[in-house]
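S.K.: Handing you a structure now.
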Amino acid sequence: MDSVEKNFERTLVTSALPYANGHIHLGHIAGAYLPADIYVRYLRLRGVKALYVGGSDEHGVPITLTALKEGVTPKEVIDRYHTANTAAFQRLGISYDIYGRTSWPLHVDTTQRFFKALDAGGYIHTEEMELWYSPQLERFLPDRYVKGTCPKCGYTDANGDECERCGAQYAAHELLSPRANIPGDASSPVLRKSRHWFLDLPKFEAPLKAWLDGHPEWRPNVKGIAYGWVNDLRSRCITRDTDWGVPIPVDDPDAENKRIYVWFDAPIGYVTNTRQWAQDKLRDANGWEIWWKDSGTRMIHFIGKDNVPFHAVIFPAMLMGQGDYILADNVVGNEYLNIFNRQTGKSEKGSKSRGNMISVRWAVDNLPVDAIRYYLCAIAPESKDSDFDWDEFMNRYNGELCDVVGNFVHRCLTMTVKNFAGRVPEAGELEAADKEMLDAIPRQMAAIAESLEGFKFRQAVERFIDLGRKANVYFDAAKPWVTRKTDMARTGATLYVCCQVVKALCFAMTPFMPGGAAALAATLNLALPNNGPDGGEDAWAAAVAPLPAGSALNAPQALFPKLDRERIAELAEAHRQGEAF
Ligand SMILES: [Zn+2]
């Protein structure tokens, strides 16, 4: 546990706050949630003090636009998706300590504190801008409320502030042929002046560079994006003409019909949710501060690539402007999970209009949770995009988790229970091959730990499967099903060694496949630790201590039931028909 405990007393882990404007899908999971959950579960096994904070992002134009189009209030939209996504995360085993909401009253207080501190520090100024306005509705049309032609590439369905096709960002007045994107507005938008509040990012250039320079260990994709931004810092508008969001805490008539913009308040949600957790769980209104202001805290953000500028540039600048907050020790950004289309043989971006996304709620209704977690970790888009492919999903789960690990565990435990009265046999005299297998356990566990601590989750799960492969080779060479006819002492030695591997596999699979781990622990009569943010015993280190001869075992159950080819074909077809969301 060297790299985690060396300089820190506790670890704060965050996952990006998803918009409460749609169902969470597997692309989200592979990027910001599953890696964070695996990491946190590992830290808890190690007894590290770890707090995992997430929640819904409930402000912003997409939410008010959905509400307008459906004829409901924004509150109805966020309540619907916050509830649905909370349940989806729970069913997938994403083990937040708190899953909060940016619509909580406490969040107004936290956000306004951030704003006021930045304002007092001279990091906020106002500017007059020309923005699109609807004469018919008598309101401004921020961001996606107006559509038009992209000034860079000519795309005719571009948003008011950015083009989804070419990625260009521009000032509102640069948009060509603007039209209102709002029900019941037939008028042509006109430009009108509006005064807004700006965050002076260029003032943070030197400290941001120093901070990034201090982290050569970060993933190159994250550093590349972050340096790109830091080398071209501009002031960013942090308010919008809307009534949905946190009020601007200034005494100024121009602020009345405006709110703080969602990208400013969303990351502050991590702080709010930590505060709420401390109030609810610790009954201590100040219990959150040690997690955000003590240099003994190590903060890790897990995000998708699109969120890198906010977590590696803008939010750190906002934290620096507070004066007494810590900065992230790592920003673990992932590339995208795409969808492999077998009919065209091509990889596709997941998109609502294509109808090719797989929601978590649909996935957990139709597939074993451990299978979803295994596959998404095995193909995690860590350094480049990866594809969700149904055939590969079935082949890797069946061929690796079921055939290698599940099968070994089942063979070992069935033979032990049957031939040794349900108890771990005596080791007796160990031969070279036995010792070699026993020696491989701590080595392989250390290798898995090294991968997890380096945020290499694909490699970690590969090394876990490797331990299962080594065990199968050992088991097949020792042939306990043959030796048991002539030499029970030899058979006992083999199965003793195998039981030690099974125990290690149980601990090693806990971060990745918590369901299978719990079932296996019950079979082995092992107690997996239930460490929370206060930390506890290092159970990972204890995983390599022998399971003593004579320990009672229960009848083994199938840990990872195989997926049926026909059933997977049916699900793939439902997905192709757009029914997987
Ligand atoms: Zn464009």
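S.K.: So is residue 83 more than 16 Å from the ligand (Cβ to nearest atom), among the polar types (S, T, N, Q), in the same structural domain as residue 28 (by TED's automatic domain parsing) and surrounded by 17 or more Cβ atoms within 10 Å (Cβ to Cβ) or not?
M.R.: Spelling it out, it is not the case that residue 83 is more than 16 Å from the ligand (Cβ to nearest atom), among the polar types (S, T, N, Q), in the same structural domain as residue 28 (by TED's automatic domain parsing) and surrounded by 17 or more Cβ atoms within 10 Å (Cβ to Cβ).
S.K.: Considering 255, 266, which residue is small (Gly, Ala, Ser) and more than 29 Å from the chain's Cα centre (by Cα)?
M.R.: Testing whether each residue is small (Gly, Ala, Ser) and more than 29 Å from the chain's Cα centre (by Cα) leaves just 255.
S.K.: Would you check if residue 541 is farther than 13 Å from residue 412 by Cβ and out of contact with any Phe, Trp or Tyr (no Cβ under 8 Å at 6 or more places or on another chain)?
M.R.: yes
S.K.: Here's another thing I want to ask about it. Can we say residue 285 is surrounded by fewer than 23 Cβ atoms within 10 Å (Cβ to Cβ), assigned to a loop (DSSP other than H, G, I, E, B), over 17 Å from the mean Cα position of the chain (by Cα) and modelled with pLDDT of 95 or more?
M.R.: The answer is yes for residue 285.
S.K.: Any residue that is β-branched (Val, Ile, Thr) and either more than 15 Å from the chain's Cα centre (by Cα) or part of a loop (DSSP other than H, G, I, E, B) (or both) - is there at least one of those in region 337-345?
M.R.: yes
S.K.: Here is a further query. Identify, by number, the condition in (1) touching a Pro at 6+ places or on another chain (Cβ under 8 Å); (2) within 30 Å of residue 360 (Cβ to Cβ); (3) at pLDDT below 95 that residue 108 doesn't meet.
M.R.: (3)
S.K.: I've got another one for you. What number of residues in region 346-366 are part of a helix (DSSP H, G or I) and either touching a residue at least 60 places away in the same chain (Cβ under 8 Å) or of a type in the set (A, V, I, L, M, F, W, C) (or both)?
M.R.: Summing the residues that are part of a helix (DSSP H, G or I) and either touching a residue at least 60 places away in the same chain (Cβ under 8 Å) or of a type in the set (A, V, I, L, M, F, W, C) (or both) in region 346-366 gives 6.
S.K.: I need every pair where a residue in region 552-581 that is touching a residue at least 12 places away in the same chain (Cβ under 8 Å) has its Cβ under 6 Å from the Cβ of a residue that is hydroxyl-bearing (Ser, Thr, Tyr) and assigned to a strand (DSSP E or B), sequence separation at least 6 or different chains.
M.R.: Pairs found: 581/359.
S.K.: When you look at residue 95, is it under 20 Å from residue 291 (Cα atoms) and either hydroxyl-bearing (Ser, Thr, Tyr) or out of contact with any strand residue (DSSP E or B) (no Cβ under 9 Å at 6 or more places or on another chain) (or both), yes or no?
M.R.: yes
S.K.: Failed condition for residue 461, given (1) farther than 25 Å from residue 419 by Cα; (2) surrounded by fewer than 18 Cβ atoms within 10 Å (Cβ to Cβ), with all others met?
M.R.: (2)
S.K.: Out of 225, 182, which single residue is away from the ligand (no atom under 16 Å from the Cβ) and modelled with pLDDT of 95 or more?
M.R.: Result of the check over 225, 182: 225.
S.K.: Enumerate the pairs (first residue in region 147-166 and touching a residue at least 24 places away in the same chain (Cβ under 8 Å); second residue anywhere and within 8 Å of the ligand (Cβ to nearest atom) and assigned to a loop (DSSP other than H, G, I, E, B)) with beta-carbon separation below 8 Å, excluding pairs fewer than 6 apart on the same chain, so at least 6 apart or on different chains.
M.R.: 149/155; 150/163; 150/165; 150/166; 150/168; 151/168
S.K.: Name the single residue that is surrounded by the most Cβ atoms within 10 Å (Cβ to Cβ) among those in region 133-178 being within 14 Å of the ligand (Cβ to nearest atom) and β-branched (Val, Ile, Thr).
M.R.: 149
S.K.: Residue check: is residue 185 in contact with a Ser or Thr (Cβ under 6 Å, 6 or more places away or on another chain) and more than 26 Å from residue 119 (Cα to Cα)?
M.R.: Spelling it out, residue 185 is indeed in contact with a Ser or Thr (Cβ under 6 Å, 6 or more places away or on another chain) and more than 26 Å from residue 119 (Cα to Cα).
The values are calculated or read from the model by the stated rules, or taken from the named source; none is laboratory data. Remember, predicted model here, so these are calculated numbers, not experimental data. We place every Cβ from the backbone using ideal geometry, glycine too, and count neighbours over all the protein chains shown.
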